[in-house]
1. For chain A, report the convex hull volume of the alpha-carbon atoms normalised per residue, in Å³, without decimals.
2. For peptide B:343-349, how many partner chain Cβ atoms fall within 10 Å of a residue's Cβ, on average?
3. With a 10 Å cut-off between alpha carbons and a GNM built on chain A, which of A:Ile54, A:Ile39, A:Ile361 moves the most?
4. Under the rule of at least 5 residues apart or a separate chain, name every residue whose amide H is placed under 5 Å from the amide H of A:Ala132.
5. Compute the Cα gyration tensor for the stretch B:226-382, then decide on rounded, prolate or oblate, letting a ≥ b ≥ c be the square roots of its eigenvalues: rounded whenever a/c is under 1.5, prolate when a/b is larger than b/c in the other cases, and oblate in all that remain.
6. When the chain is fully extended, how far beyond the present Cα-Cα distance does A:Ser38 get from A:Ser139, taking 0.36 nm per residue of separation?
7. Any number yet on Rg/Rh for the stretch A:67-285, C-alpha, Kirkwood?
8. Would you kindly compute the Cα radius of gyration of the stretch A:109-153 and its largest Cα-Cα separation (Dmax), both in Å?
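Only the coordinates and a few stated rules stand behind these numbers; no lab work does. Since the structure is predicted, the reported quantities are computational estimates derived from the model, not experimental observations. Heads up, the Cβs are rebuilt from the backbone with ideal geometry, glycines too, and the neighbour counts pull from every protein chain shown.
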2 protein chains.
Amino acid sequence: MKLGLLQMVILLLKLLFVMILAQKELFMSRFFSDTVKSIRPYVPGEQPKDRRFIKLNTNENPYPASPAVIEAIRSVTGLEARLYPDPEVAALRYTLADYYGLAMNQVFVGNGSDEVLAMAFPAFFNRTDTIAFPDITYSFYPVYAAMYEIPSLIVPLEEDFTINFDAYPDTLKGFLLANPNAPTGIAVTAAKIEGLLQFHSDTLLIVDEAYVDFGAESVVSLTSNYDNLLVVQTMSKARSLAGLRVGMAFGAPELIKGLECIRDSFNSYTLDIVAQRAAKAAYEDVTYFETTRQAIIATRDRTVADLRELGMTVRPSSANFVFCTLPGVAGEEVQQYLRDNGVLVRRFAMERIQDWLRITIGLDEEMDEVIRLLQLLALQKS
Amino acid sequence: MKLGLLQMVILLLKLLFVMILAQKELFMSRFFSDTVKSIRPYVPGEQPKDRRFIKLNTNENPYPASPAVIEAIRSVTGLEARLYPDPEVAALRYTLADYYGLAMNQVFVGNGSDEVLAMAFPAFFNRTDTIAFPDITYSFYPVYAAMYEIPSLIVPLEEDFTINFDAYPDTLKGFLLANPNAPTGIAVTAAKIEGLLQFHSDTLLIVDEAYVDFGAESVVSLTSNYDNLLVVQTMSKARSLAGLRVGMAFGAPELIKGLECIRDSFNSYTLDIVAQRAAKAAYEDVTYFETTRQAIIATRDRTVADLRELGMTVRPSSANFVFCTLPGVAGEEVQQYLRDNGVLVRRFAMERIQDWLRITIGLDEEMDEVIRLLQLLALQKS
């Protein structure tokens, strides 16, 4: 039997397909649940271990944690480490409540704001409810929805990446709103959110304020007036504590009870003693927080101007990152070019934004290098 | 209108009832999910903040964490704290793999073994599966089952609190076995577990070895031979690291993949940089581990003898706690008597074991005090 070229190619392709399947089989267990079989987990930004990069891909703070935080970490003794942490995290929650003018029972803390969000889904949503969020937003929301099987209405952003609030029906059980939004950096006002709370009075509005300290208006204080508002924040960004994993939620006492119920059905002690103490110290050092966040805001504002100057399209940012695109050049190419030159930035493989880059605001000298590289590329391409 | 005494009492009772209802209403949100409405969370042992107790209620290690651990904690810098931790936790997993003679892809780590267990349920069990565990075992298992709606077969222990393995059908999707069991302290042999793996070849056997280092046989090495075995351990007990929240699972690479899939759909970075580093140091300090665990075993063995001497019934213990009862005296009374005299112990409000106390093995002088108090009580009651 003689095979034609086409037949051979088809045969090779079939073989390749079988090999790929076998590869996947290698990591398939007969014990996998339907959830594991069907879900596509969140993929965090790369944390390189070897080569030194200018790392602008995960929105970390370029400034070190406050010296007071390091002092708090070092205060932990061997006799303290042997004991379980305070499951109520009272000292930290008291500090947070005091900072925001709330009562302690309006404050929840978790092992990063991802964990807080992961607990909010099963606390407030059933598999028969519908929740909604934009098509372009924090890419963990659809993963949580899939994991807990909560039907989701994905509402496209406008052409300019702003949110079309009229497209959200008033029959939702939940509405997730990142403010400022990620990866766009675009913020909405507190007045706008208060209007939403009134219009969507039977909807739980979860406002994710991960980046709020870089220029958006927080609605934490509204949690005392609206029982349908849960505000989620993190210490990973403005408090330089990504390595310590502390997130929090603010809301009416009964919403906090709901989160506690899920937490206590999952893991009684989510925050270790070091993280509890470090986070408290971070919130108490207001001067350091104000100084570093103002520095980041200043660097961001001049970075936006410089990027526009060299020909990039940049969305207005209220966050510690900028969302931008170089017209006429594929996002993948720009990202690879930067990587080849020692700079990591983040890109999301979604059709609408595949040519956009999310660039974290680093130190001034780091941004100088990014701008220099992008100027060179823009010149080459023009 | 003149009210009789009975009528007044009834009126007061009604008023009280309405007040209690209102109190409960205060913490009900219209946004609670069905899960929150129906679940009864796990209740951890008390962590007293004020008065100094001899604290023998949560199976903490009486010895401080190793000095190497404290050194590791103190090595964390402000510039490290600003960055996200390694999501793969490679350095710690490498150390653990090396310690147990496994490959790194056979090791999973989480924010305490409770989190590891909480992730194992959705990774491997569906709402249409059946899993099984004893009626008297770690009381978090039924909470996980309820939270993820996994039907459970609860199999009573024998009269002497040993496990009746013949009562477990071979059609189970999962079988949870704490070894040694909690709160009984009774262990089964590795040979027995290997027999189970063969008999229940289509069942995922999850062996919870939280207390294994105090005298039971670990089956970690069997994970290389059986794809239906997941072994869960913790650093909270024998490694004196309850405050740092580190747990781990060992299993076939595909089982570890399943856990990673759930973790990455829940919270990408569950272990902070301090915990990763501290846990690594704890495992590397083998001498300290051996010395402290042998000391605890010695204290336990003479405590068991002393308790029996004073008239208590004590189960054989392979853990860092003893399970005991004073015949003829209610467990609640013994617990309250100890508490009044400055000693906290744990008791579970389940009919079969309500008169039994779980007493953690503390320092020798702490056990001396407990035995002195119980001798006095036994004398009073005899």
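1. 200
2. 0
3. Of A:Ile54, A:Ile39, A:Ile361, the Gaussian network model singles out A:Ile39 as fluctuating most.
4. A:Leu153, A:Gly174, A:Phe175, A:Leu176
5. It comes out prolate by the Cα gyration axes.
6. The A:Ser38-A:Ser139 span can extend by a further 34.7 nm.
7. Expressed as Rg/Rh, it is 0.97.
8. Cα only, the stretch A:109-153: 10.3, 28 Å (Rg, Dmax).
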